[in-house]
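To start, the structure under review is shown below, and the notes come after it.
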Amino acid sequence: MSLSRRRFLALSAPAMMAFGRSAPRLFAQAANQSSEKDSDNILVVVQMSGGNDGLNTVIPHSHDEYKKSRPTLAISKDDVFAIDDDFGLHPELNGFADLLEDGRLGIVQGVGYPNPNRSHFESMDIWHTCFRKNESRQDGWLGRAIDQVQQQSSLDIPALHLGHQKQPFALTSLVHRVPTVKSLDQFRLEPLSQMTVPELQQGVRLERSESANLLGFVQSSTENALDVAQRMLETTSGYQPSVTYPESPIANDLKTIAQLIDSEFATRIYYVEIDGFDTHSEQALAHASLLKHVSESVTAFLNDIQQHGHGDRVLVTCFSEFGRRVAENASKGTDHGTAAPMFLAGNAVQPGLIGEHPDLTNLEQGDLVFHTDFREVYAGILENWLNLESKRVLGGSFDPVAFLNSSVS
Amino acid sequence: MHDIDPGWAWSPVEESQQPWTRQLAAHLYRRAGFSATSETLDEAANKSAAEVVAELVDGRTESEEYLAQMKQLGRTVVATGNVENLPAWWMYRFLTTTDMLREKMTLFWHGHFATSGDKVTDPQLMVDQNELLRRNSLGNFGTLVAEISRNPAMLIYLDSVTNRKAHPNENFAREVMELFALGEGRYTEDDIRELSRCFTGWEIRNGRYRFNRYQHDSGRKSILGQEGPFDGDEGVAIVLDQPALPDFIIGKLYQFFIADEPAPPAELLAPLTIEFRENGLNIAPVLKRILSSQLFYSPHSVARKVRSPVEFSVGFLRALEGSTDQYALTSGLSELGQVPFFPPNVKGWDGGRTWINSSTLLARSNLIQSILKNKNTRFSNGTLSDLFDKHRLNSSQEIIDWLETMLLAVSLPETVRLQLQSKIDSGSGNREERLKEVVHLICGLPEYQLS
């Protein structure tokens, strides 16, 4: 067995520092060529859409301001899974509590960005692109990451979106098309005769005169869809999950990802979404059920890939476009807020709280002031996990959040 | 885009510059409706563009019998108690209505004032809202917003069934500004908080709007620079009076009717936003101007949109005089990413490039395949051969030419045309099978995804 990429990088780290800025790319490439395909790290992004109530996820149970602001929604110390003396996980986050105890869950506290936007769509676009509305934004942060991956070593399918939703902006690349797979069963072209697929492929591939615009986009997307569908048919039969997944769309999506990781796909980035976190009224039960879905599904997924021998190279991250207002509203819900925790899960993660919790007594317009910029978390993921240069992806220099345990980085 | 002269863009299309043809009539019916039959295109080509547009905008051609039938069907669907049965009902209307533009605009407003049966769950409330949108679809935007603000389905969808004085729920007020009227960034967070105070006391009880004066905050508010003890209606009126409003609505209409991209510069939209403001936010005159404009029939617009799933499927059947199993058709739609009555979120469908990904592209092709395979599918009450015979299409070349006009906004590469022709002339299988395959292939090509 050849030297794994990570060990290669670890061994050569002092050399890189000596070379300065341009060196890591060179070494990453060398590492890539010398390693087996399955030694590359994989990122799985879980998007919790609608604005997750961070305060009722990682709970400052004993804080006076918390109890006072949440007369019906506050969760008491007795009900949480303790993280430390001051904070606990929501009572439905059993899975995450197990991961934490197992040393596989890191929680970055108070993640947000300056001058927060409270529109779902604008804030999500900011998280997806790292840019504001008044700046030019045609591609997403992961799309730009994919462009770098493809420069290093061209993969058939560098990234994949699983789910029934439209493709997230984060995955938009100006150069590469990212496939969206709703379900593996339906991800194929149903032909009227044996000739349909090759004839369609032939017709799609022909050069068009106006390939730069919308037609060109549809053309390359169709070509990609037909190719990927064929590859999927060839490589994904016969997978047996080693754990029982819960019954939910996000669990199914994650199970499919486990299956793809275990097949020959060299995909580096996977993306799934769970919607419903916009809890303006009657929040308690709905929020509990959503957190349960996320925590159980992610935990089942990590246990599954662990038992299939891929645990060391998978990192899961969970984020939402914003947290929610500290004070609850009159409908037993919460309105749009700002900073919230992000989760990082996997064997390589330094377990426990990362960064500081926003001060509950120092609010801006009733909202938390962020502590860690989400782009610092992205920088950590890009630089330390995916071995990519973060500055080009994020449109600026951000200090990478250190979330890997020391035996890895 | 920045080079386009706004004066030229919105002036009426001129016969001398842009001869009126079946192809351009097909473009008009794809955008202002859901595609038209060959006969309709012939009739349209014998009139002027202005006449056809006037018919689309002003015409009320649905018969009393048809309206009664739709009402009866609606009652039947509501009686099942299941919102999941609503999309097939609306799809039937898309397929059969003679007032295409009104139905198209009803779908536009459904995306704009997005409300989902997933959350509302009561089919009667969804049908009521649908009727509200249809009734106002070509009417006055101010009236539309005023009515939608008290619409039970909308208020349930935006968590505003109760709205108490003490801690007002901001959801509805936020979406009025961000998604219904002004666009993101044209207001402050304080404006939202103040507007939400105006809506306190607005409630839904037993499926009806009710004002609860005990829960209304009658204090002074400060909204978008104006101060006073405003109630909900006054709050809405202040929003409607903002200069940002015509920009926002006209921008959306531009994207819906002219082109997905690039975003038009403000100067290009200016003549329309001025007209919209000056005519008191009436929708029909602006639509008439858009649909008879130089820009609409120019290469800046033709084939510059991705077909929505409804346009893709309904347009296929309407252009080829087709009918099929209604429920099979509708159940296929969710794979394509658009189910009427079930928009993905409060922002509706983004459209444009977001309709396209590998799954939706495969699903598009598979939907056409399943329609062609379905034993209940008829083209002009017969087979594809019958349809082509009816239109006196003898050679394979005539068939491909005809299909191009009927189905495509942009012509096929010559190599593909020849490939399809030889498939009709000498492919394997019987003639009907070969014709079906050719139609299936055309609908899988990039060209058919554009409108």
A:Asp125 modelled with pLDDT of 90 or more and touching a Leu at 6+ places or on another chain (Cβ under 6 Å): no
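This table checks each residue for (1) of a type outside the set (A, V, I, L, M, F, W, C); (2) within 24 Å of the chain's Cα centre (by Cα); (3) open to solvent by 10 Å² or more (accessible area, probe 1.4 Å); (4) at pLDDT below 95.
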site	(1), (2), (3), (4)
A:Lys332	yes, no, yes, yes
A:Thr338	yes, yes, yes, no
A:Pro341	yes, yes, yes, no
A:Asp367	yes, no, no, no
A:His371	yes, yes, yes, no
A:Arg375	yes, yes, yes, no
Hits in the range B:1-13 (condition: outside any helix (DSSP H, G or I) and more than 21 Å from B:Ala409 (Cβ to Cβ)): B:His2, B:Asp3, B:Asp5, B:Trp10, B:Ser11, B:Pro12
Flag for B:Gln18 being more than 12 Å from B:Thr98 (Cα to Cα), in contact (Cβ under 8 Å) with a residue 60 or more places away in the chain and part of a loop (DSSP other than H, G, I, E, B): yes
Index of the failed condition, B:Asp159 passing every other in (1) assigned to a loop (DSSP other than H, G, I, E, B); (2) at negative phi: (2)
Of all residues in the range A:151-184 being free of Cβ contacts under 8 Å to residues at least 40 places away in the same chain and over 16 Å from A:Asp139 (Cα atoms), which is least open to solvent (accessible area, probe 1.4 Å)? A:Thr180
Quick check on my filter: what residues within the range B:346-370 are within 20 Å of the chain's Cα centre (by Cα), over 17 Å from A:Asp185 (Cα atoms) and more than 7 Å from chain A (Cβ to nearest Cβ)? B:Val346, B:Gly348, B:Trp349, B:Gly351, B:Gly352, B:Trp355
Which residue, of A:Arg313, A:Arg231, is within 13 Å of another protein chain (Cβ to nearest Cβ) and out of contact with any Pro (no Cβ under 7 Å at 6 or more places or on another chain)? A:Arg231
List, please: which pairs have Cβ atoms under 8 Å, are six or more places apart or on different chains, and start with a residue in the range A:110-121 that is facing chain B (nearest Cβ under 8 Å) and end with one that is crowded, with 23+ Cβ neighbours inside 10 Å and among the hydroxyl-bearing types (Ser, Thr, Tyr)? A:Arg118/A:Thr338
Answer residue from the range B:165-186, given it is within 9 Å of chain A (Cβ to nearest Cβ) and outside any helix (DSSP H, G or I) and is surrounded by the fewest Cβ atoms within 10 Å (Cβ to Cβ) among those: B:Ala166
Taking the options B:Ile356, B:Ile368, name whichever one is crowded, with 22+ Cβ neighbours inside 10 Å and touching a Cys at 6+ places or on another chain (Cβ under 6 Å). B:Ile368
Residues of the range B:187-214 being of a type in the set (Ser, Thr, Tyr) and open to solvent by 50 Å² or more (accessible area, probe 1.4 Å), which ones? B:Thr188, B:Tyr209, B:Tyr214
What residue, of A:Ser221, A:Ser281, A:Ser209, is in the same structural domain as A:Asp53 (by TED's automatic domain parsing) and of a type outside the set (D, E, K, R)? A:Ser281
If A:Asp253 passes every condition in (1) facing another protein chain (nearest Cβ under 8 Å); (2) open to solvent by less than 20 Å² (accessible area, probe 1.4 Å); (3) of a type outside the set (A, V, I, L, M, F, W, C) but one, which one does it miss? (1)
Do you know which of the residues in the range A:56-80 that are over 29 Å from the mean Cα position of the chain (by Cα) and either in a loop (DSSP other than H, G, I, E, B) or not assigned by TED's automatic domain parsing to the domain that holds A:Gly337 (or both) is nearest to A:Asp367 (Cα to Cα)? A:Arg70
Restricting the range A:185-208 to residues that are surrounded by fewer than 18 Cβ atoms within 10 Å (Cβ to Cβ) and more than 8 Å from every other protein chain (Cβ to nearest Cβ), the one modelled with the lowest pLDDT turns out to be A:Asp185
Filtering the range B:330-344 down to residues that are more than 7 Å from every other protein chain (Cβ to nearest Cβ) and not in a helix (DSSP H, G or I), which residue is nearest to A:Pro179 (Cα to Cα)? B:Gln338
Odd one out for B:Arg417 among (1) touching a residue at least 40 places away in the same chain (Cβ under 8 Å); (2) open to solvent by 20 Å² or more (accessible area, probe 1.4 Å): (1)
Looking at the range A:377-395, which of the residues that are open to solvent by 20 Å² or more (accessible area, probe 1.4 Å) and part of a loop (DSSP other than H, G, I, E, B) is nearest to A:Thr129 (Cα to Cα)? A:Gly395
Per the list (1) surrounded by fewer than 17 Cβ atoms within 10 Å (Cβ to Cβ); (2) touching a strand residue (DSSP E or B) at 6+ places or on another chain (Cβ under 6 Å), residue check on A:Thr235 breaks on (2)
Tell me yes or no: at least one residue of the range B:389-412 is among the acidic types (Asp, Glu), within 11 Å of chain A (Cβ to nearest Cβ) and open to solvent by 30 Å² or more (accessible area, probe 1.4 Å). no
Answer yes or no as to whether A:Gly50 is on the phi > 0 side of the Ramachandran plot and either hydrophobic (A, V, I, L, M, F, W, C) or assigned by TED's automatic domain parsing to the domain that holds A:Glu282 (or both). yes
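The values are calculated or read from the model by the stated rules, or taken from the named source; none is laboratory data. In this text, all values refer to a predicted model and were calculated from it rather than measured experimentally. So basically every Cβ, Gly included, is an ideal-geometry build from the backbone, and we count neighbours across all protein chains shown. Just the protein is used for accessible areas: all its heavy atoms, side chains included, with ligands, DNA and RNA removed. Shrake-Rupley method; radii C 1.70, N 1.55, O 1.52, S 1.80 Å.
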